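Below is one structure; the comments refer to it alone.
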Amino acid sequence: MNEQARRTIASYTTCQDAARAVDHLADQGFPVERVAIIGQNVRLGEQVTGRMGHGGAALHGAASDALPGALTGWIFGLLNWLDPFVSGLLLALYGLVFGALGGALLGLLVYAAQRGRRNFASVRSMQPSRYDVVDDAVAEQAVQLLGALRNVTSTSSGAWKSSRLQGGPAVT
(Lines give C-alpha, C1' and ligand atoms only; values in the text may rest on other atoms or scores of the structure.)
Protein backbone atom coordinates (compact mmCIF):
# COMPACT_ATOMS: atom_id res chain seq x y z
CA MET A 1 0.00 0.00 0.00
CA ASN A 2 1.61 3.21 -1.21
CA GLU A 3 0.55 5.99 1.16
CA GLN A 4 1.65 8.89 -1.13
CA ALA A 5 -0.71 7.80 -3.93
CA ARG A 6 -3.82 7.78 -1.70
CA ARG A 7 -6.44 10.50 -1.80
CA THR A 8 -8.95 11.27 0.94
CA ILE A 9 -12.46 10.79 -0.39
CA ALA A 10 -14.40 11.68 2.78
CA SER A 11 -13.89 12.11 6.53
CA TYR A 12 -16.21 10.86 9.27
CA THR A 13 -16.36 11.31 13.02
CA THR A 14 -16.99 7.61 13.79
CA CYS A 15 -15.68 4.37 12.35
CA GLN A 16 -19.24 3.12 11.88
CA ASP A 17 -20.05 6.04 9.58
CA ALA A 18 -16.92 5.41 7.53
CA ALA A 19 -17.82 1.71 7.29
CA ARG A 20 -21.34 2.66 6.13
CA ALA A 21 -19.82 4.80 3.38
CA VAL A 22 -17.61 1.91 2.22
CA ASP A 23 -20.63 -0.40 2.40
CA HIS A 24 -22.52 2.05 0.20
CA LEU A 25 -19.64 2.01 -2.28
CA ALA A 26 -19.71 -1.80 -2.28
CA ASP A 27 -23.48 -1.79 -2.90
CA GLN A 28 -22.89 0.44 -5.94
CA GLY A 29 -20.37 -2.03 -7.41
CA PHE A 30 -17.32 0.10 -6.60
CA PRO A 31 -14.02 -1.84 -6.29
CA VAL A 32 -13.76 -1.51 -2.49
CA GLU A 33 -10.50 -3.46 -2.35
CA ARG A 34 -8.86 -0.15 -3.33
CA VAL A 35 -10.36 1.70 -0.35
CA ALA A 36 -8.99 2.00 3.18
CA ILE A 37 -10.40 3.49 6.38
CA ILE A 38 -7.64 5.31 8.23
CA GLY A 39 -7.95 6.77 11.73
CA GLN A 40 -6.31 10.19 11.96
CA ASN A 41 -4.89 12.06 14.98
CA VAL A 42 -4.85 8.96 17.17
CA ARG A 43 -4.68 9.41 20.95
CA LEU A 44 -4.09 6.79 23.58
CA GLY A 45 -6.83 6.88 26.21
CA GLU A 46 -6.84 5.06 29.53
CA GLN A 47 -10.09 4.45 31.40
CA VAL A 48 -9.53 3.72 35.09
CA THR A 49 -11.74 0.81 36.15
CA GLY A 50 -10.99 0.73 39.87
CA ARG A 51 -8.44 0.38 42.65
CA MET A 52 -5.94 -2.45 42.59
CA GLY A 53 -5.05 -4.19 45.82
CA HIS A 54 -3.32 -7.45 46.71
CA GLY A 55 -6.50 -9.45 46.16
CA GLY A 56 -7.22 -7.80 42.81
CA ALA A 57 -3.66 -8.38 41.62
CA ALA A 58 -3.85 -12.06 42.59
CA LEU A 59 -7.27 -12.47 40.98
CA HIS A 60 -6.15 -10.78 37.77
CA GLY A 61 -3.03 -12.97 37.59
CA ALA A 62 -5.03 -16.14 38.27
CA ALA A 63 -7.61 -15.29 35.63
CA SER A 64 -5.02 -14.50 32.99
CA ASP A 65 -2.97 -17.68 33.52
CA ALA A 66 -5.68 -20.28 34.20
CA LEU A 67 -6.73 -20.82 30.58
CA PRO A 68 -3.19 -21.13 29.17
CA GLY A 69 -2.47 -23.65 31.94
CA ALA A 70 -5.55 -25.69 31.07
CA LEU A 71 -4.71 -25.68 27.36
CA THR A 72 -1.13 -26.75 28.04
CA GLY A 73 -2.30 -29.61 30.27
CA TRP A 74 -4.86 -30.71 27.68
CA ILE A 75 -2.25 -30.78 24.91
CA PHE A 76 0.12 -32.83 27.05
CA GLY A 77 -2.75 -35.17 27.90
CA LEU A 78 -3.48 -35.75 24.22
CA LEU A 79 0.07 -37.04 23.80
CA ASN A 80 -0.79 -40.05 25.96
CA TRP A 81 -1.59 -42.77 23.38
CA LEU A 82 -3.23 -45.24 25.75
CA ASP A 83 -6.10 -43.15 27.08
CA PRO A 84 -5.89 -39.61 25.60
CA PHE A 85 -9.41 -38.45 26.52
CA VAL A 86 -9.22 -39.16 30.27
CA SER A 87 -5.61 -38.07 30.63
CA GLY A 88 -6.29 -34.96 28.51
CA LEU A 89 -9.16 -33.84 30.74
CA LEU A 90 -7.29 -34.67 33.94
CA LEU A 91 -4.14 -32.84 32.86
CA ALA A 92 -6.27 -29.91 31.66
CA LEU A 93 -7.79 -29.69 35.14
CA TYR A 94 -4.35 -29.86 36.74
CA GLY A 95 -3.09 -27.25 34.28
CA LEU A 96 -6.03 -24.98 35.12
CA VAL A 97 -5.31 -25.17 38.84
CA PHE A 98 -1.55 -24.85 38.42
CA GLY A 99 -1.95 -21.94 35.97
CA ALA A 100 -4.32 -20.11 38.32
CA LEU A 101 -2.03 -20.58 41.34
CA GLY A 102 1.07 -19.62 39.39
CA GLY A 103 -0.69 -16.61 37.88
CA ALA A 104 -1.92 -15.45 41.29
CA LEU A 105 1.59 -15.67 42.72
CA LEU A 106 3.05 -13.88 39.71
CA GLY A 107 0.36 -11.18 39.93
CA LEU A 108 1.16 -10.60 43.60
CA LEU A 109 4.88 -10.50 42.86
CA VAL A 110 4.47 -7.90 40.11
CA TYR A 111 2.10 -5.83 42.29
CA ALA A 112 4.58 -5.88 45.19
CA ALA A 113 7.47 -4.94 42.89
CA GLN A 114 5.62 -1.79 41.79
CA ARG A 115 5.54 -0.54 45.42
CA GLY A 116 2.31 1.43 45.10
CA ARG A 117 3.21 3.37 41.97
CA ARG A 118 0.21 2.05 40.07
CA ASN A 119 -2.54 1.10 42.52
CA PHE A 120 -5.34 1.09 39.96
CA ALA A 121 -6.63 -1.05 37.13
CA SER A 122 -7.34 0.46 33.73
CA VAL A 123 -8.18 -0.32 30.13
CA ARG A 124 -6.25 1.39 27.34
CA SER A 125 -7.73 2.23 23.96
CA MET A 126 -6.76 4.17 20.86
CA GLN A 127 -9.13 7.00 19.94
CA PRO A 128 -8.84 8.64 16.50
CA SER A 129 -10.40 12.09 16.10
CA ARG A 130 -11.65 11.28 12.59
CA TYR A 131 -11.75 8.45 10.07
CA ASP A 132 -10.74 9.10 6.47
CA VAL A 133 -11.93 6.94 3.60
CA VAL A 134 -9.09 6.95 1.09
CA ASP A 135 -8.62 5.55 -2.41
CA ASP A 136 -5.59 5.32 -4.65
CA ALA A 137 -6.75 4.95 -8.25
CA VAL A 138 -10.42 5.65 -8.90
CA ALA A 139 -11.15 8.34 -6.34
CA GLU A 140 -13.29 10.46 -8.68
CA GLN A 141 -15.86 7.67 -9.06
CA ALA A 142 -15.94 7.16 -5.27
CA VAL A 143 -16.46 10.90 -4.69
CA GLN A 144 -19.42 10.86 -7.08
CA LEU A 145 -20.99 7.79 -5.42
CA LEU A 146 -20.55 9.26 -1.93
CA GLY A 147 -21.95 12.58 -3.18
CA ALA A 148 -25.15 10.71 -4.04
CA LEU A 149 -25.12 9.27 -0.52
CA ARG A 150 -25.25 12.80 0.92
CA ASN A 151 -28.80 13.10 -0.44
CA VAL A 152 -30.06 10.10 1.57
CA THR A 153 -32.45 10.96 4.40
CA SER A 154 -33.09 9.04 7.59
CA THR A 155 -35.88 6.48 7.48
CA SER A 156 -37.27 3.92 9.88
CA SER A 157 -35.53 1.18 7.86
CA GLY A 158 -32.16 2.22 9.24
CA ALA A 159 -30.84 4.48 6.47
CA TRP A 160 -28.56 7.15 7.83
CA LYS A 161 -28.44 10.89 7.32
CA SER A 162 -25.68 12.45 5.30
CA SER A 163 -25.28 15.05 8.05
CA ARG A 164 -22.96 12.58 9.75
CA LEU A 165 -20.50 13.23 6.97
CA GLN A 166 -17.89 15.63 8.26
CA GLY A 167 -16.80 18.06 5.60
CA GLY A 168 -18.19 16.03 2.69
CA PRO A 169 -16.17 14.41 -0.04
CA ALA A 170 -12.70 15.81 -0.52
CA VAL A 171 -12.16 18.08 -3.51
CA THR A 172 -8.49 17.74 -4.29
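Sticking with the crude label model, points 7 Å out along Cα→Cβ, report the distance from L59 to F85 in nm, one decimal please.
In this crude spin-label approximation the distance works out to 3.7 nm.
So for the stretch 14-127, averaging the separation of alpha carbon pairs under 8 Å that are six or more residues apart and normalising by length, what relative contact order in percent results?
Worked out over the stretch 14-127, it gives 35 percent.
Report the percentage of all Cα-Cα pairs in the stretch 1-82 whose separation exceeds 17 Å, rounded to a whole percent.
So the pairs more than 17 Å apart make up 72 percent of the total in the stretch 1-82.
Sort the following peptides by mean Cβ neighbour count (other Cβ atoms within 10 Å, averaged over residues), highest first: 37-50, 14-27, 105-118.
14-27, 105-118, 37-50
If you count only protein heavy atoms and use a 1.4 Å probe, how large is the accessible surface of R124, to the nearest 10 Å²?
The value for R124 is about 140 Å².
For the stretch 39-124, what is Rg from Cα atoms divided by 2.2 N^0.38 Å, rounded to two decimals?
For the stretch 39-124, the normalised Cα radius of gyration is 1.49.
Would you mind checking which residues have amide H under 5 Å from A10's amide H? H placed 1.01 Å from N; only 5 or more apart, or other chain.
Hits under the 5 Å cutoff: V133, A170.
Residue-wise, which Karplus ³J(HN,Hα) couplings in Hz belong to the stretch 83-96, taking 6.51 cos²θ - 1.76 cosθ + 1.60, θ = phi - 60°, and x for glycine or proline?
9, x, 5, 5, 5, x, 5, 5, 5, 5, 5, 4, x, 4
Rounded to the nearest 10 Å², what accessible area does L71 have for a 1.4 Å probe in the complete protein model?
Here the residue's solvent-accessible area equals roughly 90 Å².
Report the local net charge at R124: Lys and Arg +1, Asp and Glu -1, summed over other residues whose C-beta lies under 15 Å from its C-beta.
So the environment of R124 carries a net charge of +1.
Using a basic spin-label model with each label point 7 Å from the Cα along Cα→Cβ, how many nm lie between L71 and L109?
In this crude label model, L71 to L109 measures out at 2.2 nm.
Calculate I(q)/I(0) for the stretch 84-145 by the Debye formula, one identical point scatterer on each C-alpha and no solvent, and give its log10 at q = 0.13 Å⁻¹ to two decimals.
-0.68
Using only the heavy atoms of the protein chains and a 1.4 Å probe, how would V97, V143 rank by accessible area, largest first?
V97, V143
The values are calculated or read from the model by the stated rules, or taken from the named source; none is laboratory data. Remember, it's a predicted structure, so these values are computed and weren't measured experimentally. In this analysis, Cβ positions are derived from the backbone assuming ideal geometry, glycine residues included, and neighbour counts consider all displayed protein chains. For the accessible areas, the whole protein counts, side chains as well, though only heavy atoms, and no ligand, DNA or RNA atoms are used. Shrake-Rupley method; radii C 1.70, N 1.55, O 1.52, S 1.80 Å.
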